[in-house]
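Trainee: Okay, handing you the structure first.
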Amino acid sequence: MSGLTRNARARGQWAESLSRGRFAALVAVSLVFALVIEEPLVIRGAAPDFVVIPLVFAAIRLGAAQGAAAGFGLGLFRDSLFLLDFGLHALVMTILGYAIGKARETLYLTTPGVDVLLLAGAKLALDVVILGMAAEGAWRAFEERFFWEAVGSAVYTALVGGALQRLLART
Amino acid sequence: MQALRRARRAELVASALVVTSLILLALPESTERSISRRANHLVLLPASRVRVVFGGYLRLREENARLRTELQQAKLELDQVVAARVQSRELRRMLDFAADQPVRLIPARVIDRNLTTLPTAFVLDVGRNAGVVENLPVVTAQGIVGKTVDVGPETSLVMVYAHPDFSASALVVAGDHLEYGIVRPSPSGGLRLFLPLRSSTDPGDRVVTSGYGGTFPRGVPIGHVIEGQESDRLGLQRVDRLQSVVDLGRVTTVFVLTRQVSAGAAAGENLQMFWPGYAYPPMAGEVLGASAVEGVPADSGTADGAP
């Protein structure tokens, strides 16, 4: 464990404390999960977002610029899974990556609880934009999906991300 | 200064990527779709193999769990079918048996039994309302089970032959002659036949109720002789070990015989039961009459008591 990593762990910055290999493994596993087990995990329309999880953790670990780049890459990955509005996820996730990285840099938010809140907030913001665009003016449908799917998915994502975080912080 | 430069760099990178995303979004639909499809193939095709493997594994697990549940259900159903078949066979045998008897047989189910290694009492689901009274013989199609000792309106308590207080007047069917004695349970859970000292029996000789005891009619199978011993510890009696015909652990349905025999009556006056496959030699060699009854032991709990 390097000195920087050790210091980060001592300050409770678990994402920064992860080794590069372990962080890459987290991203890879999350993407595989996004492809494979997101669907079976759906509960009443709510599902954990395994693309938002690495985005938030990457932005926290790498900062605003690389957070934005990660958001763009992960957004394109998400866009490639949908055959509609190519670039929309990339746009929103770029902004989210930048904003989370910036928040981490300027507000010195380092506790794991804040990371979980950022996860929930990022997923909620992403869903608001995506659902809003998909609704195309049908606001009643948007409302229903927002309350049934977006809020539940945000909580679900935060819980799964928090569990992953604890798992990785312990090992 | 360096922090400012880093912040500006981040803004530049983010802006460039936002603009790129907007350009992607603004592309004509056909181009957008073409890029989307190409990216889709690029990401999904390599991933599809992983998805198929993992998805298949997950499906297999689900299917495995479902099949396990179905297998358990099927096993339970099979057990029920087997139990029903066994019960049906038992009931049919009892029905055939009941049809040939000269007495009224009250069919009953064993609804409870005392929880010891060897049952000594059964509870039946018939009582006074069905015509059951105390001291009636309880039998199966195989032979003797016990007798009723306590009767309620809907249930009856049966003292089975393994009960320490049980005794029955018995008759040994030994080839060319008959021997009278009394059957009692042994402390080890088997049955013992007490006979006069000069009696002779051989292993395999069948033992039935004599009909003299006052409870059981004549001819109810009790068991067969396993081993004969010369005498008990005082040397006054001969004691044989018996193998009972009824396995109490397997008894689920029984008959209560409603017609009682009179205590101390001669064999000819007593009712004789006919057990299928258990016909013993005719009573030709038997001396009937009061003299023959003298000294013949009675069934437990009857007026003349056990010897």
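Trainee: GNM on chain A, C-alpha springs below 10 Å: top fluctuator among A:Leu117, A:Leu107, A:Leu126?
Mentor: Most flexible of the set in this elastic network: A:Leu107.
Trainee: Still on this model: So how do B:Asp240, A:Asp127 line up by other beta-carbon neighbours within 10 Å, fewest first?
Mentor: Ordered by Cβ neighbours within 10 Å, fewest first: A:Asp127, B:Asp240.
Trainee: Just tell me how shielded A:93-104 is by partners: mean number of partner chain Cβ atoms within 10 Å of each residue's Cβ, no decimals.
Mentor: 3
Trainee: In peptide B:6-16, what is the residue-averaged number of other protein chain Cβ atoms found within 10 Å of each Cβ?
Mentor: 6
Trainee: Taking the Cα-to-Cβ direction at B:Arg8 and at A:Arg44 and moving 7 Å from each Cα, how far apart do the two end points lie in nm?
Mentor: My value for the distance between the label points is 5.2 nm.
Trainee: Next question. By how many nm would the segment from B:Ser186 to B:Glu154 grow when fully extended, if each residue of separation counts as 0.36 nm and the alpha-carbon distance is taken off?
Mentor: The B:Ser186-B:Glu154 span can extend by a further 8.3 nm.
Trainee: Report the label-to-label distance for A:Leu117 and B:Leu67 in nanometres (one decimal), using points 7 Å from each Cα along the Cα→Cβ vector.
Mentor: Taking the two extended label points, one gets 5.0 nm.
Trainee: Near A:Lys102, which lysines are there with a Cα under 26 Å away, not counting those fewer than 8 places off in the same chain?
Mentor: Straight-line reach from A:Lys102, under 26 Å: A:Lys123.
Trainee: Can I ask one more? Counting other C-beta atoms within 10 Å, which of A:Phe72, B:Phe255, A:Phe82 has the fewest, and how do the rest follow?
Mentor: A:Phe82, B:Phe255, A:Phe72
Trainee: Based on the mean of other beta carbon atoms within 10 Å per residue, what is the order of B:6-14, A:157-165, A:20-28, most packed first?
Mentor: A:157-165, B:6-14, A:20-28
Trainee: Given labels modelled 7 Å from the Cα in the Cβ direction, how far is it in nm from A:Glu136 to A:Ala163?
Mentor: A separation of 3.7 nm, rounded to one decimal place.
Trainee: If I take R0 = 51 Å and measure r between the Cβ atoms of B:Arg113 and B:Leu60 in this structure, what FRET efficiency does the formula 1/(1 + (r/R0)^6) give, to the nearest 0.05?
Mentor: FRET efficiency, B:Arg113 to B:Leu60: 0.65.
Trainee: Enumerate the calculated ³J(HN,Hα) couplings along segment A:36-52 in order (Karplus 6.51 cos²θ - 1.76 cosθ + 1.60, θ = phi - 60°), each rounded to whole Hz, writing x wherever the residue is Gly or Pro.
Mentor: Result, rounded to whole Hz: 9, 10, 4, 5, x, 8, 5, 10, 6, x, 8, 9, x, 9, 7, 9, 5.
Trainee: How much FRET efficiency would the formula 1/(1 + (r/R0)^6) give for B:Arg38 and B:Arg89, where r is the Cβ-Cβ distance and R0 is 56 Å, rounded to 0.05?
Mentor: So the FRET efficiency works out to roughly 0.15.
Trainee: Follow-up. Cβ neighbours within 10 Å, averaged per peptide: list B:63-74, A:38-49 in order, most packed at the top.
Mentor: A:38-49, B:63-74
Trainee: Of A:Ser19, B:Ser169, how do they rank once you tally other Cβ atoms within 10 Å and put the fewest first?
Mentor: A:Ser19, B:Ser169
Trainee: Please compute, for peptide B:29-35, the average count of beta-carbon atoms on other protein chains lying within 10 Å of each residue's beta-carbon.
Mentor: Partner Cβ neighbours, averaged per residue: 3.
No lab work stands behind these numbers, since they all come straight from the coordinates. Every value quoted in this text rests on a predicted model; they were computed, and no experiment measured them. Because the Cβ atoms are built from the backbone with ideal geometry, glycine has one as well, and the counts that use them run over all protein chains shown.
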